[in-house]
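Student: This is the structure I have questions about; it appears just below.
The values are calculated or read from the model by the stated rules, or taken from the named source; none is laboratory data. All values derive from a computational prediction rather than experimental measurement. Here the Cβ positions follow ideal geometry from the backbone for every residue, glycine too, while neighbour counts run over all protein chains shown.
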Amino acid sequence: MDELSRMRQEYEAGTLDERLMAADPLETFTEWMYDAIAFGMKEPNAMTVATASPEGKPSARVVLLKEVTADGFVFFTNYLSRKGMELFTNPFAAVVFDWHDMARQVRVEGRAEKLPAEASDAYFNERPENAKIGAWTSPQSKIVKDRAEIEHLQWEMAQRFAGKKVERPSHWGGFLIRPTVMEFWQGRPDRLHDRVVYYKTEEGWSKHRLAP
């Protein structure tokens, strides 16, 4: 595909001055998230989460951010999925938010930890009934014969919980990613982009400009 080598987009949406940015990157992230929502980005909470096996083999997928706290980023998943199992054995993760239409990107590195059961229960109880059934249905990341097998499992679970409250399965819940590095990227013309990175230290956060 020769067309790929000829694709080029100049970014002229804005600038990024580290001197004007908050001392806490989570405060800056929250401001950027509000900007993305106001801009009309489709699913601005979509984030790519990269994990690695104990041997260092990486994998990445897109999940949905469900909460930003003073401690970090919260998402929910099947704990028996590949990402879940990898985070239990190697808790270091990387995250990317790509707000391409705004010429913005946020990159995060940090350590994941399992949310308390009470927090996972609270979110699970807010989910639609079909999503609750889905959490019981899918043996996420496992090989299945075909689509019909999944649909049959869904039917079985719907029958099992007919007229009953659907409790959260123990294999499903949340992770909190506590950031240790956060980088904010703003596209600029001539590929001389603005990049500002925060590093977590014992004293708090340090902030620096990176070369594009």
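Student: Going by the conditions given, is Leu16 buried (at least 17 other Cβ atoms within 10 Å of the Cβ), of a type outside the set (S, T, N, Q) and modelled with pLDDT under 95?
Tutor: So Leu16 fits the description; yes.
Student: Another question about this same structure. With (1) outside any loop (DSSP other than H, G, I, E, B); (2) without any contact (Cβ under 8 Å) to a residue 12 or more places away in the chain as the list, and Met47 as the residue in question, which single condition is left unmet?
Tutor: Answer for Met47: the failing condition is (2).
Okay, residues lined up against (1) under 30 Å from Met33 (Cβ atoms); (2) modelled with pLDDT of 90 or more:
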residue	(1), (2)
Ala93	yes, yes
Trp99	yes, yes
Val106	yes, yes
Arg111	yes, yes
Arg147	no, yes
Phe161	no, no
Lys165	no, yes
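Student: Taking the residues in segment 153-212 that are touching a helix residue (DSSP H, G or I) at 6+ places or on another chain (Cβ under 6 Å) and among the β-branched types (Val, Ile, Thr) as candidates, determine which candidate is farthest from Ser120 (Cα to Cα).
Tutor: Val196
Student: Still on this structure, please answer the following. Please go through (1) part of a helix (DSSP H, G or I); (2) closer than 17 Å to Leu65 by Cα for Lys132 and return the number of the only condition it doesn't satisfy.
Tutor: Only one criterion in (1) part of a helix (DSSP H, G or I); (2) closer than 17 Å to Leu65 by Cα is unmet by Lys132, namely (2).
Student: Any idea which residue in segment 68-92 is nearest to Gly14 (Cα to Cα), counting only those that are in a strand (DSSP E or B) and in contact with a Phe, Trp or Tyr (Cβ under 8 Å, 6 or more places away or on another chain)?
Tutor: Val68
Student: I'm told Tyr123 meets every condition in (1) part of a loop (DSSP other than H, G, I, E, B); (2) in contact (Cβ under 8 Å) with a residue 40 or more places away in the chain; (3) not hydrophobic (A, V, I, L, M, F, W, C) except one. Can you identify the failing condition by its number?
Tutor: Going through (1) part of a loop (DSSP other than H, G, I, E, B); (2) in contact (Cβ under 8 Å) with a residue 40 or more places away in the chain; (3) not hydrophobic (A, V, I, L, M, F, W, C) one by one, Tyr123 breaks only (1).
Student: Quick check, is Leu64 in contact with a strand residue (DSSP E or B) (Cβ under 8 Å, 6 or more places away or on another chain) and modelled with pLDDT of 95 or more?
Tutor: Yes: the conditions hold for Leu64.
Student: Restricting to segment 96-112, and then to whatever is more than 14 Å from the chain's Cα centre (by Cα) and on the phi < 0 side of the Ramachandran plot, can you tell me which residue is surrounded by the most Cβ atoms within 10 Å (Cβ to Cβ)?
Tutor: Arg104
Student: Mind listing just one residue for me: the one in segment 137-152 that is of a type outside the set (A, V, I, L, M, F, W, C) and in a helix (DSSP H, G or I) and, of those, nearest to Pro169 (Cα to Cα)?
Tutor: Among those residues, the one meeting the criterion is Thr137.
Student: Starting from segment 83-95, take each residue that is buried (at least 16 other Cβ atoms within 10 Å of the Cβ) and list its partners that are assigned to a helix (DSSP H, G or I), counting only C-beta distances under 9 angstrom and pairs at least six apart or across chains.
Tutor: Pairs found: Ala93/Lys83; Ala93/Glu86; Ala93/Leu87.
Student: With respect to Ala60, is the statement that it is under 30 Å from Asp190 (Cβ atoms) and either surrounded by fewer than 19 Cβ atoms within 10 Å (Cβ to Cβ) or small (Gly, Ala, Ser) (or both) true?
Tutor: yes
Student: Among the residues of segment 157-167, how many are closer than 26 Å to Met85 by Cα and assigned to a helix (DSSP H, G or I)?
Tutor: 1
Student: Let me ask something else about it. So how many residues does segment 28-44 have that are surrounded by fewer than 17 Cβ atoms within 10 Å (Cβ to Cβ) and either of a type in the set (A, V, I, L, M) or assigned to a strand (DSSP E or B) (or both)?
Tutor: Qualifying residue count, segment 28-44: 2.
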